[in-house]
Amino acid sequence: MGNKVFTFGDIRIREVKGKYYVYKIEKDNEGNRKDHYVGPLDKVVKITLGVLGGVPPNAVDRPGFEPGTSRMPTEHSSRLSYRPTG
């Protein structure tokens, strides 16, 4: 059975022997694709959450006293998603 590969835009995640690894897909001037190793998925997630403070990148505090919502923006919405404060 082959290894699983997941691709999200220019990021590729590969499963090898039950562990997952992250690669960045880049193309040179001639259009040749190269995968550059980033690191193991669990470490990449821990570092990302540490840098962001455990907050999703598109979540911001809502101004004033309005309650927060977890609504994600859609193509028809210009609002950001908000997280509850406190």
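The values are calculated or read from the model by the stated rules, or taken from the named source; none is laboratory data. This is a predicted model, so every value here is computed, not measured. Cβ atoms come from the backbone with ideal geometry, glycine included; neighbour counts cover every protein chain shown.
Considering every residue within the range 49-59, establish whether at least one is assigned to a loop (DSSP other than H, G, I, E, B) and modelled with pLDDT of 70 or more. Checking the range 49-59: at least one residue is assigned to a loop (DSSP other than H, G, I, E, B) and modelled with pLDDT of 70 or more. The number of residues in the range 10-28 being touching a strand residue (DSSP E or B) at 6+ places or on another chain (Cβ under 8 Å) and more than 13 Å from Leu41 (Cα to Cα) comes to 5.
Among the residues of the range 1-14, none is identified as in a strand (DSSP E or B) and more than 17 Å from the chain's Cα centre (by Cα).
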